[in-house]
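Report on one structure; see the data block that follows.
Each reported figure results from applying straightforward, stated rules to the coordinates on display, with no laboratory input. From a predicted model like this one, the values you see are computed outputs, not experimental measurements. All Cβ positions, even for glycine, are placed from backbone atoms using ideal geometry, and neighbour counts span all protein chains on display.
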Amino acid sequence: MQGRFRPHTAAGRRWGVQITVRIRTLPAAVATAALFSSAVLVTAGPATADTSVPISVGTVNDTVVDGAHQHLYISGDSTISVVRYDGKVLSKLSGLPQVSDLQLSPDGSTLYAAVTGADKIVAFDTATLTQTAEYPTGAGTAPRRIALAGGRIWFGYGDQWDSGLGEVDLTADPATVSLDLAGAHDFASTPMLYANPANPDTLVALDGGISNGPIVVYDVSSGTAVIRVTANEGGFYRDAALTPDGQSILVVGQGHEAVVEYRLSDLQEVHEYPVNSESETVSVAPDGTVAATSLDTENTGDTYVFPGGADAPPSVRNLSDAWMPWGGHSTAWSADGTKLFVLTGSSGAMQLQTVTQPRKYVSKLTVDAPATGTRGRTLTVKGTLTTGLRLPAGTPLKVTRTDLLSLWGKSLGTRALGANGTFSFTDAPPAGSKVRYTVTYAGDAAHTQASASDTVTVSRATPALTLTNNKKTYPYGKNVVFTAHLGTTYSNRTVEIWADPYGGDKSNKLLKTGKTDAHGNLSATVTMSRDTAVTAVFKGDARYAGRTVKSAAYAHVKTASSLSKYYRTATIGSTRYRYYHKNTDAVLTTTMTYYKGRKERLDLQVYSGGKWYTTDSEYFSLGTNGKSVVNLGHPGTSGIRARVRTSYIDPSSGDNVNTTTYGTWNYFYFSN
């Protein structure tokens with residue numbers, strides 16, 4: 001780069017520049033990563049884990065399980081979604097406006113669907129998923145609910161007081177459709193229909209739209225629906241399911257914090273299965289096990305399974321933090337009764353929950369260890385094991401300690417559960433840092449496995465660690481040896497030495513890692529081309545904590561300058577001068593270590609009255625080759641003695657990569 005210096009004309013005029021050399025704070029040391037989290041971990045669940053997967057379905061009107069093909073058929077949004085047990089949507093049967101109730105034929109070969117918005121019932125082959133038949137029910141009938149009994153598809157149709165009961169007689173060829181078969185009962189809403197091949201002559205209808213809507217039991221053995229018994233059980237029914245023998249119906253409804261079972265012969269209540277808030281859905285397994293969901297407004301448990309019947313406590317799970325879906329049948333057992341499927345969430349954010357061991361009571365473990373401890377001193381760990389079906393005192397719990405001496409865990413044996421579901425044990429941790437205690441309950445035929453842990457921060461001694469050359473300054477390019485010294489430790493003698501040169505274009509670099517020598521030393525060499533933060537890191541061991549120490553070492557820039565266009569050299573006193581004619585410009589060429597945006601500072605002084613006076617100081621940019629050429633001008637007067645030097649000033653020269661460096665003076669004289 002070239003520039004022109006603008007000196008003051010009045011010889012002897014003096015002004016100064018204050019120079020500040022900034023000592024920077026070194027960057028943070030490389031921290032030793034924590035081995036364990038300090039959070040309490042609580043897990044509960046069976047050996048075969050329950051699953052929750054997102055499922056691309058919207059609203060849910062009905063859910064039917066096809067055991068032969070291991071499919072779920074889910075109706076809603078004018079579509080039937082065909083879903084694999086793992087939640088993968090295999091197909092969508094579309095073009096079914098307002099499709100609602102679904103039913104499988106007794107042999108599982110046909111799926112029937114009530115297509116409310118098209119006034120028809122359609123049939124699909126479950127093997128090919130193709131439509132095989134459709135049965136128009138009449139304009140404006142809007143069939144919504146269906147059930148299969150006596151070779152007929154019974155359907156509930158209409159709206160409010162225009163609702164009724166109809167049938168599609170599949171025994172006729174072609175099939176025939178009949179309406180207004182409700183008999184003496186006038187439905188106030190579309191009847192919800194239920195039937196079971198185990199009781200083939202019975203059809204159950206729920207008038208669920210009003211508070212005094214009854215349960216109506218029909219005898220359909222003759223092919224005509226004849227009311228056998230009816231009773232008002234509170235109305236506003238949301239869902240229902242028949243027992244496997246078809247002799248009772250279980251009902252859930254608005255405002256009822258229970259599933260209520262009624263005997264069909266006389267509609268007397270025989271059992272009540274309590275839940276925590278308004279009951280929403282119900283499903284009965286082939287062995288008679290009842291499952292239900294509740295609205296769960298307090299988020300304390302939304303899914304209930306009653307493996308011991310109504311008189312035993314339920315197994316409760318909280319499958320969703322949101323309220324359970326309103327309306328529709330969204331809970332179903334697998335055909336073999338080993339799994340329970342529950343749909344949670346809302347339109348656009350539905351989850352298919354699969355409970356793999358639904359009859360087991362969920363076990364919940366908590367572990368509470370002190371936040372801190374002292375190595376080698378006894379501490380106490382406490383906890384609880386709770387479940388819907390209390391475990392007996394003495395139930396064994398496995399305890400494992402994980403620390404720096406046992407990274408994969410060390411068994412501490414078993415501890416016995418107390419009579420009140422609590423436990424405690426003591427331990428004297430042999431290692432410091434994070435120590436995790438894990439307690440595991442293996443589970444049994446009635447209870448799920450559970451595991452939980454908590455972490456203690458156990459104290460460690462602080463080792464001696466030093467690093468040489470802190471705050472020392474070196475010439476540019478000097479090779480400097482930095483030595484780390486590590487004092488007494490337990491098992492780890494490894495030290496790392498890192499070098500982080502100043503400037504955003506250089507990153508922190510590992511210079512050396514290794515074990516210290518017999519004197520506890522480890523050395524590494526740094527070529528000092530920039531100011532450098534050197535760090536020694538000891539990562540700790542079981543008894544001594546990790547430690548980091550830092551040294552800040554500073555490097556001068558490399559700089560040289562020379563005058564040109566002089567006509568001779570001579571000595572004044574003991575100093576060599578370059579001689580210029582009074583009207584000839586003096587030119588100074590500087591070479592300095594380059595850094596992006598760097599400038600050199602030129603200081604010009606004149607000699608007068610036996611003293612040197614600064615006439616000006618000015619900054620000039622360096623070229624990318626590190627050079628700068630500055631025209632110093634000429635005084636036009638002879639007898640002028642002057643000197644000039646180039647310097648790097650941290651940070652005024654445009655960066656703080658090096659330490660302030662003053663160049664040597666160049667002396668020159670103007671003659672006639």
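Longest stretch of the chain clear of exposed loop sites (chymotrypsin sites (Phe, Trp or Tyr not before Pro), DSSP loop, at most 11 other Cβ atoms within 10 Å, sites excluded): 16-566. Ranking of 454, 603 by neighbouring Cβ atoms within 10 Å, starting from the fewest: 603, 454. For the listed residue pairs 509/539; 364/434; 515/550, the alpha carbons are over 22 angstrom apart in 364/434. Using equal-weight Cα scatterers in the Debye expression, the normalised intensity of the range 403-485 in log10 at q = 0.11, 0.17 Å⁻¹ is -0.55, -0.87. Taken over the range 362-454, the percentage of Cα pairs per 10 Å bin, counting from 0 up to the bin with the maximum distance, is 16, 51, 25, 8, 0.
Taking all C-alpha pairs of the range 518-672, those more than 28 Å from each other amount to 40 percent.
Spherically averaged projected area of the convex hull of Cα atoms, the range 239-359: 6.9 nm². Overall shape of the range 97-250 was characterised from the C-alpha gyration tensor. The equivalent ellipsoid obtained from it has semi-axes of 23, 18, 15 Å, in decreasing order.
Per the Cauchy relation, a quarter of the hull surface: what is the mean projected area of the convex hull of the alpha carbons in the chain, in nm²? Projected area, direction-averaged: 48.4 nm².
Note on the range 403-446: Cα-Cα pairs beyond 17 Å make up 45% of the total pair count.
Across all directions, the shadow cast by the convex hull of the range 606-672 built on its C-alpha atoms averages 5.7 square nanometres. The range 552-641: percent of C-alpha pairs farther apart than 15 Å? The share of Cα pairs beyond 15 Å in the range 552-641 comes to 68 percent. Here, the range 465-555 is characterised by an Rg to Rh ratio of 1.00, where Rg is the alpha-carbon radius of gyration and Rh the Kirkwood radius.
As a footprinting exposure proxy, order 137, 559 by other Cβ within 10 Å, with the fewest listed first.
Working: 137 25, 559 21.
With the fewest neighbours first, 137, 559 line up as 559, 137.
A full extension of the chain between residue 300 and residue 444 corresponds to an added length of 49.4 nm, given 0.36 nm per residue minus the alpha carbon distance. The rule of thumb for compact globular proteins, 2.2 N^0.38 Å, goes into the C-alpha radius of gyration of the range 180-238 1.07 times.
Overall, the chain carries a charge dipole of about 9860 debye about its Cα centre when +1 sits on the Cβ of Lys and Arg and -1 on the Cβ of Asp and Glu, all other atoms neutral.
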